[in-house]
1. Helix A:418-432: angle to the longest alpha-carbon principal axis of chain A, degrees 0 to 90, nearest 10?
2. Could you check the simple spin-label distance between residue C:347 and residue B:243, using points 7 Å along Cα→Cβ, in nm with one decimal?
3. Order these by the 10 Å Cβ neighbour count, fewest first: A:209, B:74.
4. Pick from A:88, A:133, A:58: which is most flexible by mean-square fluctuation in a GNM of chain A where alpha carbon atoms under 10 Å apart are linked?
5. When you look at the Cβ of every residue in B:125-134, what mean number of other chain Cβ atoms sits within 10 Å?
6. First check a/c for the range C:233-348, with a ≥ b ≥ c the square roots of the eigenvalues of its C-alpha gyration tensor; if it is under 1.5, answer rounded, and if not, answer prolate when a/b is larger than b/c or oblate otherwise.
7. Please sort B:208-214, A:334-340 by packing, taking for each peptide the average over its residues of neighbouring beta carbons within 10 angstrom, highest first.
8. In degrees from 0 to 90, rounded to the nearest 10, what is the angle of the helix A:340-352 Cα long axis to the longest principal axis of chain A?
Ligand SMILES: Cc1cc2nc3c(=O)[nH]c(=O)nc-3n(C[C@H](O)[C@H](O)[C@H](O)COP(=O)(O)OP(=O)(O)OC[C@H]3O[C@@H](n4cnc5c(N)ncnc54)[C@H](O)[C@@H]3O)c2cc1C
Ligand SMILES: Cc1cc2nc3c(=O)[nH]c(=O)nc-3n(C[C@H](O)[C@H](O)[C@H](O)COP(=O)(O)OP(=O)(O)OC[C@H]3O[C@@H](n4cnc5c(N)ncnc54)[C@H](O)[C@@H]3O)c2cc1C
Ligand SMILES: Nc1ncnc2c1ncn2[C@@H]1O[C@H](COP(=O)(O)O)[C@@H](O)[C@H]1O
């Protein structure tokens, strides 16, 4: 055992853990930041869009030095038919100043972010896996790692080990995630010359564009994305694990079919796949959030299911929860009390923050999809929409009135009749409006 | 007590190096640096000797300031001291100039902590890839060199005799030599240890000793860095990527596929009938 | 410690000793590596290449043969292209040892002043070249795969750099001789010509036996050692084999094809097979006529070690495995189906061939 004690140990150098470590180190605490990867970000992936607001609370004007890819000025939504697409988009140069969000790559970003925590005084311990929490009675008093003499003691352990949180499980905060609480995302990073990307996406310099994709996921609940980085594209799909199981489809098959879609294929043409990875995304939302604090511990980020699936926000919530946990730890340190009584302040802080509000608003999204609904929403409907619009736009002598009828019929049929269309609509509306 | 020096070099992780297709130059930016693979085997062997007989292990490297990290890694494994020899004037060194500075460093290490009995180097580096620095250092210090060592069979610290196995293309050579020696390490030599947690903590906090040209009053400045390097890289180019039109054979029937493949291989001369050959 | 501070003798290799009139250096010298009087293939290949360079420079090809009872090898060197052979034949040179060998080399270089010195990039060649180049001192290019000379008589030695991603041409303008080690299997050996004649110049050993402190206790020749470098056929396995047992299959196939078994680092690290078998950046660089990659993904570090094989066959169940990018023939499927089928097919053919072409019992 290492003889020294820390004020706090953070497990996981993702956005949540690093934010916590940074906050505490700044506050003068003696902090160890433990990460199993070779370096932070080595094993992490995300879409990824990074937002300004929450990070700025921690690191003012961080974007001036952080390794970000492109500033997003345009966001598009594509509803994919088999060979066609219905597009919707919004572009506004106001998103540039101040920037609203960026594309980023975790490998670079996490490293940089962690280096900030390091500079603030946190001790980085990498390539080290925390295998269990050390406990005395119910109190968490430190961690055991996979290294020789690997126990490390601290007053507080902050659990930020991501979606698959083994430590969370060991505290019985949650069981194995159920297949309908997580989706599996696969993603490729595809290299293309900078200029080619700019030409294909109508961008200049550091401008970026994101495209969210609905449809062509073989009837499973899931979304795709295509984001522009400096000289790469991030292309991925995330699909609910229960649907994958039911359909016996491998996630990369879904990605492959998206890649072959004629509208996508031309955007990635000639690119070289540099990286392929898969990762779980918590989708359970508000209702699967575990208790956030106990005697000697707090949990934040994905480990606490803090992901807003509808708005693809995760890092946001992770960073803010990490910061709040860090601030709570500082207060606990001042009082010399590390029990649930003090640490519960973190719970309160999360409740008062946007995390709670946003997740609560969307709490109905999870469970929205009864059996068969995925098929309708993510397959039949996008196809029908494409077909309907095709019929509308095709000038072939058929009267406009007749065309409108056909289009409506197509949509109705896809939804399984008028009642179902209505039902889906109402369900969706309720879910979004909590 | 034995005194062992392990020479290490920080190299870019070749997994990450790319060629910019436009400029045909290396993209080194953002490429993580690692301790040269073979050097870790040298460090490990030094530590094993330390575990068995007791020894002081000093790790030395010539490189940029960022190479401190490489030394920390060795300290975490259990080395006693790390020396970084770093100066702009050393930049651009080829193996001849490198071996001069490393040899000077070993001499200064001796002046500081006492005579050195064994020097470990890696078989070769992943970037320079020459395997010449080790023999160069041994030659300059006028000590025996044992290269491509895959096993330390025997070490007697009283008679100062060492027996090692050298790996050659056609066999193994058991060689006996007297200390001091310089050994270059193969991967077969050992499995580098994973640092313990207290080791990692020590490594993270360790501040290596840094020596610059000023710490070597007698250094011959015409023999270091680019100036002291007789070899000149006159040209680099990216070889035309091998253009292969991969022919995918239908594998629904393995037997047919196998037979099909053999037909091709015999027809193109890739295979000759081994019985006749 | 105090006496460590004593005045040291000057460090070796700081100034070229003796003559510095570089124009007197003439000729291309190949240091011939041998075991038991038989030259390494790479040495003969280098004699062939040296002829080409020497013709351009209009100078003789020189060879240096060192060993014990190796005088016939001096003749062989002539048959393979040397005009003059320096022969140092002495009991203490029976086995290669750095010091006695390098002293002889230094003596020959300083006395006969060759402008170029070439050696095989074998473990022994690299050991020796590194010592000599430092001693002289001069520049040394490692692992060359292309050699040439320009109008100024400069040696242009090109070698792979940065994990074989690039090639670099390296010059040494400052000193002579210009030295390079060169890879096996790259250069063409000349056909042996027993009518060729040349001069053999005996050279005395340069160290007394009792001065030499290292001792070769024994040399264990490994017949079973995989000689990947010289193999024509390599059947290599990776993590796709699922475990050490499947290497038995590859061994069988290799045997049928008259080849040897190679491996990726992943499986060597897993302990499924010995280090000797590892192909790649931290293993051996190979260029056989046929390379069959079985269950190998094709990571760059592996590929750099085998991409120059004449023909590459890849067997992998993942159609996107990068190995297919460099494969001439791709078989997408389960190796446990394909490899046994291949073994059977080769057996069938080998079986056919025997009775047809030669007496089975010969
Ligand atoms: C495909 C995909 C796309 C996404 N797109 C976006 C997006 O566009 N925008 C957005 O805001 N969010 C996005 N997200 C979500 C976002 O990535 C996560 O919500 C966020 O990274 C959570 O941060 P975290 O720190 O909680 O967890 P993680 O980032 O998962 O970090 C956990 C860390 O803990 C380490 N660790 C785990 N166990 C141990 C252990 N036992 N010992 C030591 N270390 C351990 C891990 O190696 C990891 O570094 C996306 C996610 C995915 C998968
Ligand atoms: C500094 C450094 C140096 C390195 N040096 C080397 C080196 O010298 N040599 C080297 O090889 N590597 C080297 N590596 C490692 C290299 O990066 C890869 O990790 C390694 O080559 C991968 O080995 P693999 O292809 O066997 O395994 P994997 O990448 O795991 O590939 C296994 C493959 O088998 C396929 N497969 C699985 N089951 C079957 C089946 N039943 N039938 C058919 N196919 C199947 C899979 O689709 C997969 O493609 C080095 C790495 C580093 C960092
Ligand atoms: N800059 C350096 N500092 C210390 N040791 C080095 C340096 N460069 C090379 N070495 C050692 O020499 C060995 C052979 O290097 P190389 O000749 O570059 O292949 C390496 O494995 C190291 O042990």
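Derivation of every value follows stated rules applied to the coordinates shown; laboratory data play no part. Fair warning: this is a prediction, and the values are worked out from it, not measured in the lab. So basically every Cβ, Gly included, is an ideal-geometry build from the backbone, and we count neighbours across all protein chains shown.
1. Between the helix axis and the principal axis of chain A, the angle is about 30 degrees.
2. Simple spin-label model gives 4.2 nm for this pair.
3. By the 10 Å Cβ count, ascending: A:209, B:74.
4. A:88
5. The mean count of partner-chain Cβ atoms within 10 Å per residue comes to 6.
6. rounded
7. B:208-214, A:334-340
8. Its long axis makes an angle of about 30 degrees.
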